[in-house]
Amino acid sequence: MSPLLEIAGIGKSFGAFRALSDISLAVEEGETLGLIGPNGAGKTTLFNVVTGFLRPDSGAVRFAGAPVDRLPPEKRAALGLVRTFQKAMVFPALSLRENLAMAARQRAGHGLRWLGARTCHAEADAKVERLLAESGLPRGGGERMADLSYGEQRIADLLMALALEPRLLLLDEPTAGLSQAEAERLLRIVRRHDSRTALVLIAHDIDIVFGHCDRIAVMHLGRLLRTGTPQAVRADAAVRAAYLGSLAD
Ligand SMILES: Nc1ncnc2c1ncn2[C@@H]1O[C@H](COP(=O)(O)OP(=O)(O)OP(=O)(O)O)[C@@H](O)[C@H]1O
Ligand SMILES: [Mg+2]
């Protein structure tokens, strides 16, 4: 079977600066892939290309067996290729429940339009209630987004993405600024919601990445340096030189 996501030969420059060089990478159905590398390595840029927010200069992206290069971000999301942002895109004056309802209803509209809006909305609203229950957030998501604590906002970002029913979820530093316990809790929410969702996780917290990922891809200066099991990557001399050098064994 072909992989869920196939990235082949992606290149991207900003002016004279080469942000991505010949990146090829596959993500299998259901796996958790960690994407690590120093600041400026090109991790977010790669997410932007894969999700259609940036057009690459070269290369191709296939998702679920079909090319998606010509599709805008929302069409890719409708196929199940969904990302979170380093900074979330939500309506801060609305409650989390309201933000989630909009995302879920939009999602439902893609597949169930013929059933009529009311059925769509009922199903979408039920999904929102399930997400809020799974999240363990206090006050049931009724608070304004702007009033959530930092940790709660990171969970809210995640729920917004899950409301779109991803087959592959690209998480861009979802655990930045969280305590180890909060980070673990956030990742548990994803797995509890749907254990079959494939994940690509960008994080600088090495314990989180090595603890939760099946495989790890290491980027450095716009290139893919290594891809392998956590063990193999941790032991790799080039990886240690570029990124993990200060790590104790
Ligand atoms: N729109 C843009 N225009 C010009 N340069 C950009 C643009 N987007 C990213 N870059 C540059 O490309 C390089 C890679 O950036 P990117 O955000 O992908 O890195 P990253 O690996 O996500 O880093 P971090 O860990 O700090 O988030 C950086 O040098 C960045 O300044
Ligand atoms: Mg980044």
(request) Go through (1) within 16 Å of ligand 2 (Cβ to nearest atom); (2) over 30 Å from PRO92 (Cβ atoms); (3) touching a Gly at 6+ places or on another chain (Cβ under 8 Å) one by one and return the number of the condition SER195 breaks. (result) (1)
(message) If I filter the stretch 155-195 down to residues being at pLDDT below 90 and among the basic types (Lys, Arg), which single residue comes out as farthest from LEU131 (Cα to Cα)?
(response) ARG191
(message) Please count how many residues of the stretch 158-177 are in a loop (DSSP other than H, G, I, E, B) and away from ligand 2 (no atom under 16 Å from the Cβ).
(response) 5
(message) Tally up the residues in the stretch 19-43 that are of a type outside the set (Gly, Ala, Ser) and farther than 18 Å from ALA242 by Cα, please.
(response) 8
(message) It is to be established whether one or more residues within the stretch 8-16 are assigned to a helix (DSSP H, G or I) and open to solvent by 70 Å² or more (accessible area, probe 1.4 Å).
(response) no
(message) Just to be sure I understand, how many residues within the stretch 44-59 are under 20 Å from VAL218 (Cα atoms) and either within 16 Å of ligand 2 (Cβ to nearest atom) or among the hydrophobic types (A, V, I, L, M, F, W, C) (or both)?
(response) 8
(request) Find all pairs meeting these conditions: Cβ atoms under 7 angstrom apart; at least six residues apart or on different chains; first residue within the stretch 128-143 and hydroxyl-bearing (Ser, Thr, Tyr); second residue not in a helix (DSSP H, G or I). (result) none
(request) Could you list all residues from the stretch 22-56 that are away from ligand 1 (no atom under 13 Å from the Cβ) and free of Cβ contacts under 8 Å to residues at least 60 places away in the same chain? (result) ALA26, GLY52
(request) Looking at (1) modelled with pLDDT under 95; (2) under 15 Å from LEU131 (Cβ atoms), find the lone condition where GLY245 falls short. (result) (2)
(message) So, restricting to strands (runs of 3 or more DSSP E) that lie completely within the stretch 181-249, which ones have at least 2 residues that are open to solvent by 40 Å² or more (accessible area, probe 1.4 Å)?
(response) 215-220, 223-228
(request) Report yes if some residue within the stretch 82-97 is loosely packed, with under 15 Cβ neighbours inside 10 Å and either part of a strand (DSSP E or B) or polar (S, T, N, Q) (or both); otherwise report no. (result) yes
(request) Output the residues belonging to the stretch 58-71 that are among the aliphatic types (A, V, I, L, M) and either open to solvent by 10 Å² or more (accessible area, probe 1.4 Å) or within 12 Å of ligand 1 (Cβ to nearest atom) (or both). (result) ALA60, ALA64, ALA66, LEU71
(request) Could you please tell me which pairs satisfy a Cβ distance under 7 Å, a separation of 6+ or placement on different chains, a first residue in the stretch 153-179 that is among the acidic types (Asp, Glu), and a second residue that is more than 16 Å from ligand 2 (Cβ to nearest atom) and not in a helix (DSSP H, G or I)? (result) GLU165/GLY80
(request) Tell me which residues, restricted to the stretch 34-57, are in a helix (DSSP H, G or I) and either open to solvent by 40 Å² or more (accessible area, probe 1.4 Å) or not charged (D, E, K, R) (or both). (result) THR44, THR45, LEU46, PHE47, ASN48, VAL49, VAL50, THR51
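The values are calculated or read from the model by the stated rules, or taken from the named source; none is laboratory data. What you see is a predicted model; the values in this text were computed from it and never measured. Every residue, glycine among them, receives a Cβ derived from its backbone with ideal geometry; neighbour counts consider all protein chains shown. Calculation scope for accessible area: heavy atoms of the full protein, side chains included, ligands and nucleic acids excluded. Shrake-Rupley method; radii C 1.70, N 1.55, O 1.52, S 1.80 Å.
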